[in-house]
Amino acid sequence: MLGAGLIAGPVTGLLDPAAAFGDLLSPIVAVAVAVILFEGGLTLNLHELRATGPVVRRMVLLGAPLGWLFSTLACHYAAGLDWASSAVFGGILVVTGPTVIIPLLRQARMKSRPAQILRWEAIVNDPVGALCAVLAFEVIAALAGASTLAKAAEHFALGIGVAALAGFAGGRAIAWAFRRGQVPEYMKVPVLFGAVLAVYASTDSVLHESGLLAVTVMGVVLANANLPSFDELRRFKEHVTVILVSGVFILLAASLEVEQISQLDWRAVLFILAIVLLARPLAVTLSLIGTGLPWQEKLITAWIAPRGIVAVAVAGLFGTRLVELGFEDGARLPPLAFALVAATVVLS
């Protein structure tokens, strides 16, 4: 899909998403990412955490901050970005895209425990990474004079609280309505789709990208609600997700300009090597100390870390906002994100 988008966009000029969709392009991508994350949340059954729970908690609570730190250092020293852009991009790189991980796990013959660790980490860390980028951007905006640090922190905490509450309430409400027969069978999918959009839009209006957390929480709640029609709903969502992932990858790749691609030099190669060989392995190794996980499983967990659509979409969003704040190298975030996605998918 990345290749198709590059050919249709910057190579041949057959597709110009900005001209074709105008102001609708950004909302289309945002809604697609929200539905993709919701479908990912639907795969998180809490019963599966019995064997992998402590490891997953370490990967999220320790691995995500460590990954943010090491990725920020890689962005600054390897890619040559300034500290502001590095901090935002480093937060984005916490994610290991479920849109890539889940199809890979379907094809790979991997043992159950490392497969579950990779799946849970990918889906849980996807909104976490986006929120890390939001936190970094809020701090940078405050330092640039947009507001005070205290106000930025208050706004961020409020957004997370509202997102978690809205996602939980939305999931419980849908589960109650479906279980009590309040929604006819043929209307369940449209009602569910509308509820996902409503939860995403309402929370995202409080804090940008907090809607990703809200729909992920909503998906997890529904995944563990023991709904009688759950398998059919999830199957439909999987089909929709395949279409959305394909379409969004093509649109975002086609949106790249030749000038942006030409910015990928030897520093981009050094950046990819730093992320793959240093940042990710260090974050995984340090976060899993004392878990008793065999070194072979630690190694495979450290190596398989493909980035996906959320990293690309959020990089494009915050790259533009950084440029608006006066950080010109924010324009380098989208091409670097695409390069890292291509490299990590191939390596995984």
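The values are calculated or read from the model by the stated rules, or taken from the named source; none is laboratory data. Values in this document were obtained by computation on a predicted structure and should not be read as measured data. Don't worry about glycine lacking a Cβ; one is built from the backbone with ideal geometry, like all the others, and counts go over all protein chains shown. Just the protein is used for accessible areas: all its heavy atoms, side chains included, with ligands, DNA and RNA removed. Shrake-Rupley method; radii C 1.70, N 1.55, O 1.52, S 1.80 Å.
Once Rh is set to the Kirkwood radius over Cα pairs, what Stokes-Einstein translational diffusion coefficient, in µm²/s, holds for segment 201-251 at a temperature of 37 °C and a viscosity of 0.692 mPa s?
259
Ignoring ligands, DNA and RNA, what accessible area per residue does the chain give at 1.4 Å, in Å²? It would help to have the intermediate numbers written out before the result.
On the way: 15410 Å² over 348 residues.
Normalised by residue count, the accessible surface of the chain is 44 Å².
Within the chain, which is the longest segment that contains none of the trypsin sites (Lys or Arg not before Pro) sitting in a DSSP loop with at most 16 other Cβ atoms within 10 Å?
181-348
Relative contact order for the chain: what is it in percent, counting Cα pairs under 8 Å that are at least 6 residues apart?
Relative contact order for the chain comes out at 31 percent.
Which of the following values of semi-axes √(5λ) of the Cα gyration tensor in Å was calculated from the structure shown: [x] 29, 24, 21; [y] 55, 24, 15; [z] 38, 23, 18?
Checked against the structure: label [x].
Determine, at each q value in 0.11, 0.17 (inverse angstroms), the log₁₀ of I(q)/I(0) that the Debye formula gives when each Cα of segment 1-153 is one equal point scatterer.
-0.59, -1.17
Using only helices, what value at 222 nm comes out for the chain when you add -39,500 (n - 2.57) per DSSP H run of length 4 or more and divide by the total residues, to the nearest 500 deg cm²/dmol?
Result for the chain: -23500 deg cm²/dmol, rounded to the nearest 500.
Considering only protein heavy atoms and a probe of 1.4 Å, how much of the accessible area of segment 1-116 is carbon and sulfur, as a whole percent?
Carbon-and-sulfur percentage of accessible area, whole number: 65.
Given that compact globular proteins tend to follow 2.2 N^0.38 Å, what is the ratio of the alpha-carbon Rg of segment 191-348 to that value?
Taking N as the residue count of segment 191-348, the ratio is 1.25.
What is the spin-label model distance, in nm, from Leu69 to Trp176 if the labels are put 7 Å beyond Cα along the C-beta direction?
About 4.3 nm, to one decimal.
When Rg is the radius of gyration of the Cα atoms in segment 170-215 and Rh is its Kirkwood radius, what does Rg/Rh come to?
1.06
Could you give the alpha-carbon Rg of segment 153-284 over 2.2 N^0.38 Å, rounded to two decimals?
In units of the 2.2 N^0.38 Å rule of thumb, it is 1.39.
What would the Debye equation give as log₁₀ I(q)/I(0) for segment 285-348 at q = 0.12 Å⁻¹, counting only Cα atoms as equal point scatterers?
Log10 I(q)/I(0), no solvent term: -0.46.
Using 0.36 nm per residue, how much length does the chain from Lys111 to Arg267 gain when fully extended, once their Cα-Cα distance is taken away?
Stretched out fully, the Lys111 to Arg267 stretch lengthens by 52.5 nm.
Output the relative contact order of segment 61-213, whole-number percent, from Cα pairs under 8 angstrom with separation of 6+ residues. Walk me through the numbers before you get to the answer.
On the way: 150 pairs, mean separation 32.2, N = 153.
Rounded, it is 21 percent for segment 61-213.
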